[in-house]
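The values are calculated or read from the model by the stated rules, or taken from the named source; none is laboratory data. This structure is a prediction, so every number in the text was calculated from the model and none was measured. A quick note on method: Cβ atoms are made from the backbone with ideal geometry, for glycine too, and the neighbour counts reach across all protein chains shown. These area figures cover heavy atoms from the full protein model, side chains too; ligands, DNA and RNA do not enter into them. Shrake-Rupley method; radii C 1.70, N 1.55, O 1.52, S 1.80 Å.
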Amino acid sequence: MTVALAGLTLDPAVFLAPMAGITDLPFRRIVARFGAGLLVSEMVASGEMVTDTPSVRAKARTDLGLGDGALPTSVQLAGREAHAMAEAARRVADMGARIIDINMGCPAKQVTGGASGAALMRNLDHALTLIEAVVGAVDLPVTLKCRLGWDRDCLNAADLARRAEAAGIRMLTVHGRTRADFYKGQANWAAIREVVEAVRIPVIANGDITSSAAAREALHLSGASGVMVGRGAQGAPWRLSEIAHALHGTTAPEVPQGAARAALVADHYEAILSFYGRDLGLRVARKHLGWYADEARIDPGLRARIMVAPHPEEVFALIAEAFSSAPARAPEREAA
Ligand SMILES: Cc1cc2nc3c(=O)[nH]c(=O)nc-3n(C[C@H](O)[C@H](O)[C@H](O)COP(=O)(O)O)c2cc1C
């Protein structure tokens, strides 16, 4: 199953979700090794981008990895001012983005307090001015990511979808929660169906899709054209490829075991250190190392030593020790 988007074919229809602080270039590259139909960048704050100096913009180009044609990357923009959104869209288009996504789903107070992210779902007229500004600014396909609504009394994703489609949005991803839900409870995949039925553009289901069985159920209940996976890929960059294999018959990923798993984790660790520099890299890497350790069920004592080790050389040695001897995991199996 693929998604066609204004001349682009997103294949397979299993996409990596944008996650601020997580889906940076090193992580997107690791996920891309196994395969994904689309990788969405961390959210880029449009206001900050357009006031940055040229050297900061040059850094953003490298950070976003848009020169890397092998990665099907969508750049997500967040903001509340139409002119800043349009200008940021032009800049990331010039840098080589293939798709621009607009964030209308982020529940964080710093973002909604600034009336961007999910707060835009409380004011669809204003949301539409941003959509029109971005669509009008670039020739690239523009997509949108939102939640079901602001809260249970304001479930307006289908309204937003209809208006967004009329304004030129080419694809919509819906996280099956409201802003008031934050990340609590279970994503409501069935509620996404109303959005699917409201528009002709592809709608992608998102939220709690952590396995092939969950992806199958989400597609069944929502009628969506594809799935987007966020937290399910943490510590398991092969997850999207596993789901694509189970649902769409693409080649199964070779999930690295033993020494190969240790090599993958070490590669990712090294990429983080070179991307962020040693000091920041050491800190940024810890959350990924923790997820890899949980996924591989590393002995808790060894996990704790990895998390506090102060020098990269020590971390590399502990990665080799911990992951080389970790018990092999059976390939994902689905209930019939
Ligand atoms: C740490 C973190 C950061 C996130 N950052 C963004 C973001 O920058 N933009 C966005 O649209 N969604 C963001 N999200 C939401 C995810 O894209 C996704 O909608 C949500 O996690 C539900 O999907 P999942 O259950 O597969 O993780 C973030 C989620 C997490 C956990």
Just the residues that are within 10 Å of the ligand (Cβ to nearest atom), open to solvent by 30 Å² or more (accessible area, probe 1.4 Å) and more than 20 Å from MET104 (Cα to Cα), please, taken from the stretch 194-222.
THR210
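Would you tally the residues in the stretch 279-289 being hydrophobic (A, V, I, L, M, F, W, C) and modelled with pLDDT under 95?
The total comes to 3.
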Starting from the stretch 91-116, take each residue that is on the phi > 0 side of the Ramachandran plot and list its partners that are open to solvent by 20 Å² or more (accessible area, probe 1.4 Å) and within 16 Å of the ligand (Cβ to nearest atom), counting only C-beta distances under 7 angstrom and pairs at least six apart or across chains.
ALA115/ARG80
Do we find that TYR292 is on the phi < 0 side of the Ramachandran plot, among the aromatic types (Phe, Trp, Tyr), at pLDDT 95 or above and away from the ligand (no atom under 16 Å from the Cβ) in this structure?
yes
Collect the residues in the stretch 303-332 that are at pLDDT below 95, surrounded by 13 or more Cβ atoms within 10 Å (Cβ to Cβ) and aliphatic (A, V, I, L, M), keeping them in residue-number order.
ALA326
Among (1) surrounded by 20 or more Cβ atoms within 10 Å (Cβ to Cβ); (2) of a type in the set (A, V, I, L, M); (3) over 21 Å from the mean Cα position of the chain (by Cα), the one test that ALA236 misses:
(3)
Does at least one position in the stretch 22-40 carry a residue that is over 23 Å from ALA161 (Cα atoms) and modelled with pLDDT under 90?
no
Step by step: first the residues of the stretch 135-156, then only those that are under 16 Å from VAL40 (Cβ atoms) and in a strand (DSSP E or B), then the one that is farthest from the ligand (Cβ to nearest atom). Which residue is that?
VAL142
Note on the stretch 160-193: residues touching a Gly at 6+ places or on another chain (Cβ under 7 Å) and within 15 Å of the ligand (Cβ to nearest atom) are HIS175, GLY176, ARG177, THR178, ALA187, ASN188, TRP189, ALA191, ILE192
Among what's in the stretch 113-123 and is crowded, with 18+ Cβ neighbours inside 10 Å and more than 12 Å from the ligand (Cβ to nearest atom), pick the residue that is nearest to GLY149 (Cα to Cα).
MET121
Single match in ALA213, ALA224 (criterion: of a type in the set (A, V, I, L, M, F, W, C) and in a helix (DSSP H, G or I))
ALA213
Quickly run through the stretch 1-51 and pick out the residues that are part of a helix (DSSP H, G or I), in contact with a Leu (Cβ under 9 Å, 6 or more places away or on another chain) and within 15 Å of the ligand (Cβ to nearest atom).
LEU25, PHE27, ARG28, VAL31, SER46, MET49
Can you tell me which residues in the stretch 180-193 are open to solvent by 30 Å² or more (accessible area, probe 1.4 Å) and within 23 Å of ALA233 (Cβ to Cβ)?
PHE182, TYR183, LYS184, GLY185, GLN186, ASN188
Residues satisfying the stated conditions in the stretch 90-106, i.e. more than 16 Å from the ligand (Cβ to nearest atom) and either in a helix (DSSP H, G or I) or modelled with pLDDT of 95 or more (or both)
ARG90, ARG91, ALA93, ASP94, MET95
